[in-house]
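The values are calculated or read from the model by the stated rules, or taken from the named source; none is laboratory data. Given the structure is predicted, the values throughout are model-derived calculations rather than measurements. Here the Cβ is made from the backbone with ideal geometry for all residues, glycine too, and neighbour counts use every protein chain on show. When the accessible area is computed, the model is the full protein with side chains, heavy atoms only, and any ligands, DNA or RNA have been set aside. Shrake-Rupley method; radii C 1.70, N 1.55, O 1.52, S 1.80 Å.
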Amino acid sequence: METIREQVISAIIARVESIRTANGYNTECGQEVKRAAKDLEPGDLPAVVVWPQPEEVERRSGRNICTTQVKVETYMAFGSVNPSMAQEQMLGDLVKCVTGPGEPVTTLADDLFYKEGGPAGQPEAGEKITAVVATFEVKYSYKIGNPYEQ
């Protein structure tokens, strides 16, 4: 049995796996999806890394109302494309994918929105990999004392 929080995180991971050009996205970043992985190998790219963050909890009407953030990073080799343009495509893909209407995570969450994001710096001369980071805020609830039931 998974907690509601774990279900939310798993739904986000499942969603970002769909970031492929065949699914109408600009990049192939969903080719490799990892959870809380610090070190990526060049063979892992393109890739998405999902980082669950701490949450805040408020008690209200017999429920725990939770607000958490999920940081999502994408990495890819940019080849002959301007790295800034590649970053904008990656960021657009992330926002569309995670916050798009009707996605599974929205059935678990009371609210889900793109909070902040952008380039994770610019590559140095000779580097061929670029990255972006996006933070999504998720609000969900569960019964007090039972994080497995909404």
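Rank these by accessible area, largest first, 1.4 Å probe: Thr21, Thr3, Thr27. Show your work: numbers first, answer last.
Values: Thr21 75, Thr3 40, Thr27 5 Å².
Reading off the accessible areas and sorting them downward yields Thr21, Thr3, Thr27.
Which longest run of the chain has no exposed loop site in it, a site being GluC sites (Glu not before Pro) in a DSSP loop with at most 12 other beta carbons within 10 Å, and the site itself not part of the run? Provide the component values of the computation, followed by the final result.
On the way: sites that count: Glu2, Glu124, Glu127, Glu149.
That gives 3-123 as the longest site-free run.
Per residue of the range 33-41, what does 6.51 cos²θ - 1.76 cosθ + 1.60 with θ = phi - 60° give for ³J(HN,Hα)? Whole Hz please, x for Gly and Pro, Karplus curve as stated.
Here the 3J(HN,Hα) series is 10, 10, 10, 6, 9, 7, 10, 9, 8 Hz.
Hey, can you grab everything whose amide H is under 5 Å from the amide H of Ala37? Only 5+ residues off in sequence or another chain; H modelled, so Pro and N-termini drop out.
Residues meeting the criterion, in which the H sits 1.01 Å from N, are Val50.
Less than 22 Å apart at the alpha-carbon level, and either on another chain or at least 8 residues along: which lysines does that give for Lys139?
Answer for Lys139, where 22 Å is the Cα cut-off: Lys71, Lys96, Lys115, listed by chain and number.
Using each residue's phi in the range 84-96, evaluate 6.51 cos²θ - 1.76 cosθ + 1.60 at θ = phi - 60° and report the 3J(HN,Hα) Karplus result to the nearest Hz, with x for Gly and Pro.
My calculation for the range 84-96 gives 5, 5, 4, 4, 5, 5, 5, 5, x, 4, 4, 5, 4 Hz in order.
To the nearest 0.05, how large is the calculated FRET efficiency for Phe113 and Ser18 if R₀ is 25 Å and r is the Cβ-Cβ distance? Intermediate results must be reported in sequence, preceding the final value.
Numbers: r = 19 Å, r/R0 = 0.77.
Efficiency for this residue pair is about 0.85.
Work out how far the C-alpha atoms of the chain reach from end to end along every principal axis, then list the three figures in whole Å, largest first.
Principal-axis extents of the Cα atoms in the chain, largest first: 56, 28, 25 Å.
Taking the dipole about the Cα centre of the chain, with the C-beta of Lys and Arg at +1 and of Asp and Glu at -1, give me whichever of Leu40, Cys97, Asn146 is farthest to the positive side.
Of the listed residues, the answer is Asn146.
Can you compute the equivalent ellipsoid semi-axes for the range 109-150, i.e. the square root of 5 times each eigenvalue of the Cα gyration tensor, sorted largest first and rounded to whole Å? Write down the numbers at each step before the final one.
On the way: eigenvalues 285, 23, 7 Å².
Working through the eigenvalues yields semi-axes of 38, 11, 6 Å.
Please list, in chain and number order, the residues 5+ apart from Arg63 or on another chain whose amide H is under 5 Å from its amide H, with Hs placed from the backbone.
Result for Arg63 returns Ile144.
At 1.4 Å probe size, put Lys38, Lys143 in order of accessible surface, largest to smallest. Please list the in-between numbers first.
On the way: Lys38 170, Lys143 85 Å².
From most exposed to least exposed: Lys38, Lys143.
Note down the nm distance, to one decimal, between modelled labels 7 Å out along Cα→Cβ at Glu6 and at Asn82.
A separation of 4.6 nm, rounded to one decimal place.
Using the Cα centre of the range 4-143 as the reference point, and only Cβ charges (+1 on K/R, -1 on D/E), how large is the resulting charge dipole? Debye, rounded to the nearest 20. Write out the running numbers ahead of the final one.
Values: 15 positive and 20 negative charges, 115 e Å.
The dipole magnitude comes to about 560 debye.
Rounded to whole Hz and in sequence order, give me ³J(HN,Hα) for the range 8-17 from the Karplus expression 6.51 cos²θ - 1.76 cosθ + 1.60, θ = phi - 60°, writing x for Gly and Pro.
Per residue, the Karplus-derived 3J(HN,Hα) values read 5, 4, 4, 5, 5, 4, 4, 5, 5, 5 Hz.
How long is the gain from Asn146 to Gln31 if the chain were fully straight, where each residue apart is worth 0.36 nm and the alpha carbon distance is subtracted? Walk me through the numbers on the way to the answer.
On the way: separation 115, 0.36 × 115 = 41.40 nm, distance 3.50 nm.
Result: 37.9 nm gained on full extension.
From the protein chains alone at 1.4 Å, what is the descending order of accessible area for Ile19, Ile144, largest first?
Details: Ile19 0, Ile144 65 Å².
Ranked list, largest accessible area first: Ile144, Ile19.
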